[in-house]
Amino acid sequence: MTKVIVNPNLPFFDRDSFLTPFDKMFDQMIETHFPNVVQQVGVKPYQGTAYPKVNVYEYQDRIGIIAEIPGLKKKQLNIEVEDGVLTISGDKHGIEEQDGATVLRRELKASSFKRSFELGEQLDSDSINANFNDGILSISIDKKEPEIPKKKFVKIS
């Protein structure tokens, strides 16, 4: 699950530069001990394969998520929010094998996918808008207005 954090004071963390060496090591282990997995799944399990790939943008009043999901129709996608977690899911089926052909390389994945984002307390889960056009899913989530702490005076008896 990806956590969407709204805090400009956090340093930028590049996941790929940190985890890529570990991902490659795990991929080599999987390929060595389970050679059919990569062929059947179509991707290396640990090599940055979170799907769909996304960019997350912070604006002054909202967060934007852009996801590449080529080859799908709008009716094959689902976006839902439950307990502060936004989930994008869908079915990527319909890629047919060519009759009489032997597969030499399999990169097109035909499967279901799910990607989740924890929204946190600063985003308004009731104000999510989504648009899907030409394989690009755009999601906009408004930020909540910060609550001003209430001051209460207690009467002394």
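The values are calculated or read from the model by the stated rules, or taken from the named source; none is laboratory data. None of the values given here were measured: they were computed from a predicted structure. Cβ coordinates were reconstructed from backbone atoms using ideal geometry, including for glycine residues, and neighbour counts include every protein chain displayed.
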Quiz item: Does PHE113 meet the test of being modelled with pLDDT of 90 or more and not assigned by TED's automatic domain parsing to the domain that holds MET25?
Solution: no
Quiz item: Consider LEU108 against the criteria (1) of a type in the set (A, V, I, L, M, F, W, C); (2) touching a Pro at 6+ places or on another chain (Cβ under 7 Å); (3) not in a strand (DSSP E or B): it satisfies all of them except one. Which criterion is unmet?
Solution: (2)
Exercise. Taking the residues in region 74-110 that are at pLDDT below 80 and basic (Lys, Arg) as candidates, determine which candidate is surrounded by the most Cβ atoms within 10 Å (Cβ to Cβ).
Key: LYS92
Practice problem: Mind counting the residues in region 130-141 that are without any contact (Cβ under 8 Å) to a residue 12 or more places away in the chain and not acidic (Asp, Glu)? | Solution: 2
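Closer than 24 Å to TYR59 by Cα, among the hydrophobic types (A, V, I, L, M, F, W, C) and in a strand (DSSP E or B): is that true of ILE88 in this structure?
Numbers: closer than 24 Å to TYR59 by Cα: yes; among the hydrophobic types (A, V, I, L, M, F, W, C): yes; in a strand (DSSP E or B): yes.
Answer is yes for this residue.
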Quiz prompt | Members of region 28-60 that are under 21 Å from the mean Cα position of the chain (by Cα), modelled with pLDDT of 65 or more and either assigned to a loop (DSSP other than H, G, I, E, B) or more than 14 Å from ILE139 (Cβ to Cβ) (or both) | solution = ALA50, TYR51, PRO52, LYS53, TYR59
Quiz item: Does SER89 count as of a type in the set (S, T, N, Q) and touching a helix residue (DSSP H, G or I) at 6+ places or on another chain (Cβ under 9 Å)?
Solution: no
Quiz item: Looking at region 111-134, which of the residues that are among the charged types (D, E, K, R) and assigned to a strand (DSSP E or B) is nearest to GLY90 (Cα to Cα)?
Solution: LYS114
